[in-house]
Amino acid sequence: MREDQHQWSFNSFSRSGTRESRSKYQCVPSGTFGSQKWSPIALIGLVVLFVFLDGIIISIFKPGTDWAPLWVGGQLSWTSPQLAYEIDLVSALQAPLVGATSDRPFVYPPSALLLFAPLSTLSFSAAFLFFSVLSVALFARAARPFRPQPLLLLSAPSVVLAVLAGQPTILVVALILFGLAQLDRTEGWAGVLFAMAAMIKPPLLLLAPIALAGGGYWRALTTAGTTATAIGGVSLAVFGPDAWLAWLSALPAFKALVTEFEPLLRNAVTPYAMFVRMDLPPYFVTACAALVVIPILWLSFARTRDMGLRLVTLVGGALLLSPYAMNYELAALAPVVASLRFERLRDMIMPAIWAASMFVTVSLIGLLAVYAWAVVRLVSRLRHAAVPPEAHTICCRT
């Protein structure tokens, strides 16, 4: 490819000016569109791999196993919300639904009950079906800016597992994707969407305040804080302070359950869990990860507008710092993986590792593979931040 065929953005063409003024222009050389093509062999190979792994998942996991505690917690919230955090009670009430005998607690904050309580008025199967269809529909719609291959997106093993289990991860990621798409359009709405996601599943938005501050999205940060406060206030008024106190009191028990129950540790995706399994100090690896994750997140929001980079550094970075996250959380990265160009067989390596890592005892490998891709991409963007004088571009107002 000739030097004048490189694609440059106006953000990298000029370091001066505000974020709003830079977003009005894009400098693109002619003749660069459609220069990449999919390799049918690579694409078909990945789809076959994904479907094969999906078959294993479907044969092992019973549908709705993770939806059961959410539905039970929602039902309890109508009469005694604080009982939703009684591990033994919630686990016992699930037995007729999924036949589970191990501890399966409701770990979400009372603000999430605003979503699960209305759904629990339906039968278990109807609520599970409705929630799954709604989550997948919103997820597919929110991923459209990535232009993913639909077969790869919806057949990704982590996505299939999350949907099959009834995890709210798919819905939460959809809200995050909608929020990322709105950041440079309507900051206020982006903040609202991030807050809604955080009040359902806080760990995935652990780094959102740092990301928004790094990008200078102060309005989004303000509306996110206001919305989160409002949602928390509504849940406090509806369920009472006892529910919040019960949740806070149950957190140590949740942590002990994760760190002492081998099956959960084996399927965890975080460095913290890996160090616990190795009998090493887990907070040491978390502190070390923070020294890497936070600067990378700041740069991805401050210096780029790449939604893929922002998604991986925001959610992937949160998973690297979180003490508890299971392998189905890898579904959050599916829009990025499914949108990559597969021109050569070697392009299959990272997606294959990401998909297959769910079936090994160190699912962290899949997370690190995608995160490493994002770091390389970010470094490449920053290295080409200045347009060479000899580059011939066409600047057009957008």
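The values are calculated or read from the model by the stated rules, or taken from the named source; none is laboratory data. Computed from a predicted model, the values in this text were never measured in an experiment. Glycine also receives a Cβ, built like all others from the backbone with ideal geometry; neighbour counts cover every protein chain displayed. Accessible surface is based on the protein model in full, side chains and every heavy atom, while ligands, DNA and RNA are left aside. Shrake-Rupley method; radii C 1.70, N 1.55, O 1.52, S 1.80 Å.
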Legend entry - Hits in region 224-277 - residues which are free of Cβ contacts under 8 Å to residues at least 12 places away in the same chain, open to solvent by 50 Å² or more (accessible area, probe 1.4 Å) and hydrophobic (A, V, I, L, M, F, W, C): Ala230, Ala237, Leu248, Leu251
Legend entry - Count - residues of region 299-357 that are more than 24 Å from Arg144 (Cβ to Cβ) and aromatic (Phe, Trp, Tyr): 1
Inset, instruction - Restrict the check to region 28-36 and report whether at least one residue is modelled with pLDDT of 90 or more, open to solvent by less than 70 Å² (accessible area, probe 1.4 Å) and either touching a Gly at 6+ places or on another chain (Cβ under 9 Å) or more than 17 Å from Ala117 (Cβ to Cβ) (or both). - result: no
Legend entry - Residue check for Ser339: farther than 30 Å from Glu260 by Cβ, open to solvent by less than 60 Å² (accessible area, probe 1.4 Å) and without any contact (Cβ under 8 Å) to a residue 12 or more places away in the chain: no
Inset, instruction - Give region 280-304 a look and list any residue that's small (Gly, Ala, Ser) and either closer than 21 Å to Ala190 by Cβ or open to solvent by 70 Å² or more (accessible area, probe 1.4 Å) (or both), or say none. - result: Ser300, Ala302
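For every residue, the table says whether it meets (1) within 10 Å of the chain's Cα centre (by Cα); (2) without any contact (Cβ under 8 Å) to a residue 12 or more places away in the chain; (3) assigned to a helix (DSSP H, G or I).
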{"site": "Ile294", "(1), (2), (3)": "no, no, yes"}
{"site": "Ser300", "(1), (2), (3)": "no, no, yes"}
{"site": "Leu311", "(1), (2), (3)": "yes, no, yes"}
{"site": "Tyr324", "(1), (2), (3)": "no, no, no"}
{"site": "Ala332", "(1), (2), (3)": "yes, no, yes"}
Inset, instruction - Answer yes or no: is there a residue in region 48-66 that is open to solvent by 10 Å² or more (accessible area, probe 1.4 Å), farther than 30 Å from Glu343 by Cβ, at pLDDT below 90 and part of a loop (DSSP other than H, G, I, E, B). - result: yes
Inset, instruction - Within region 342-372, count every residue that is part of a helix (DSSP H, G or I), among the hydroxyl-bearing types (Ser, Thr, Tyr) and open to solvent by 10 Å² or more (accessible area, probe 1.4 Å). - result: 1
Inset, instruction - Go through region 75-106 and count every residue that is within 14 Å of Trp244 (Cβ to Cβ) and either β-branched (Val, Ile, Thr) or crowded, with 23+ Cβ neighbours inside 10 Å (or both). - result: 5
Inset, instruction - Return yes or no: is Ala287 of a type outside the set (Ser, Thr, Tyr) and free of Cβ contacts under 8 Å to residues at least 60 places away in the same chain? - result: yes
Inset, instruction - Give me the pairs, please: first residue somewhere in region 133-159 and under 24 Å from Phe61 (Cα atoms), second residue anywhere and in a helix (DSSP H, G or I) and open to solvent by 70 Å² or more (accessible area, probe 1.4 Å), beta-carbon distance under 9 Å, and either six or more positions apart or on two chains. - result: Val136/Leu154; Phe139/Leu154; Ala140/Pro150; Ala140/Leu154; Leu151/Val51; Ser155/Val51; Pro157/Phe359
Legend entry - Filtered residue count, region 107-132, keeping only those that are surrounded by 16 or more Cβ atoms within 10 Å (Cβ to Cβ), part of a helix (DSSP H, G or I) and in contact (Cβ under 8 Å) with a residue 12 or more places away in the chain: 14
